[in-house]
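Heads up: the structure comes next, in structure tokens.
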Amino acid sequence: MRAFKRATWRRTHRSLPEQRKLCGLHFIADYSFFFNIGRQDHAKTVEILLKTFNRVNEIFLSTVFYDETERPVTGYGFYLKGITIESISSGANLDKLSPRKLLYTFSQRSLGDACLIHLFTYSPNLFGVLGMSWMASPALQHLGGICSPPSVADTEILASNTGFTSFSDSDGAQVLSSLAELVTAHELGHSLGAPHDPNTAECSPSAAEGGKFLMYTYAVPGYSPNNYLFSPCSRRAMSKVILAKAPLCFEEEVSIPMSQCGNSRVDSGEECDPGVRSVASDCCTTSCRLRAGAQCSPLNHNCCTKEIKRKSSTMCYTTTSNFDLEIS
């Protein structure tokens, strides 16, 4: 990729705090994902992204990292800072781009101030590549991955805290959601500084010894226990990056508000949520309250009718892990 001019970093001490530290993750679903995977349904698209986030985050939160004294530390992962759904086609032929060009084009957009920003797309023309991201380094002068600020590359502003996952294979068929989740975890691993695993017994074991780990060069199918784990090589590499860069932008769990209006998820205290880039809605305000006369929002509830009323005795919105079921 192109060379970057060094941005200004604030100095910080190189030690891991005892509290859990989380990287704010912003998911963006482009129109091809919204059309092919979300079936042009906002609530369904959000539900898929939330499931992906929960399953990927579980992998990171359970991973054992190491502090500067080689003491094992767990609890490092992500919180979902926002979801953006592009429900209107921009007319740009992003599905005609090579993987590197797609990542570069996405990185040129104005993407906000999240720790990491990840694109979900549906492109069959990526030469078999299901994901790509910028690699992080423990060197503060190296841009890429977590906590990287926008930089200037050939007079253009570029965000290098980005990556993408495609839910389409090279034949245009949808990949299994379990595979897409592992691809997303793999790319976020790169964003935290994990390179591909070397071909060693320690970090690329045989199937009889648990199979390849998550950062194997090729996408792991999810059939072996190690497919859901980071190798010792990956954990050592990511620990160095977290040690150096987590103090720059990671947040303590207690500092993250339970309710975050604008993340496309209905949190505690909210009646609806129009998302970061609010889609014109007659039922949900930008303060996450239902408008007068509205009982629900089609952006957040699968069972919401065109008359913005709930279907009786219907499970409206199913999610996993930390999110409750909404029944009416």
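The values are calculated or read from the model by the stated rules, or taken from the named source; none is laboratory data. From a predicted model like this one, the values you see are computed outputs, not experimental measurements. Reconstructed Cβ throughout: ideal geometry from the backbone, glycine too, with neighbour counts over all protein chains shown.
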Residues of segment 187-213 being closer than 25 Å to Ser98 by Cβ and crowded, with 20+ Cβ neighbours inside 10 Å, in sequence order, are Glu187, Leu188, Gly189, His190, Ser191, Leu192, Gly193, Ala194, Asp197
For segment 139-186, which strands (runs of 3 or more DSSP E) that fit wholly inside it have 1 or more residues that are at pLDDT 95 or above, of a type in the set (S, T, N, Q) and crowded, with 24+ Cβ neighbours inside 10 Å? 162-166
Working only within segment 103-129, note down all residues that are of a type outside the set (A, V, I, L, M, F, W, C) and not in a loop (DSSP other than H, G, I, E, B). Tyr104, Thr105, Ser107, His118, Thr121
Identify all residues within segment 213-240 that are more than 18 Å from the chain's Cα centre (by Cα) and in contact (Cβ under 8 Å) with a residue 40 or more places away in the chain; write none if there are none. Pro221, Gly222, Asn227, Ser234, Arg235, Arg236, Ala237, Ser239, Lys240
Among the residues in segment 212-221, are any over 23 Å from Leu119 (Cβ atoms) and modelled with pLDDT of 95 or more? yes
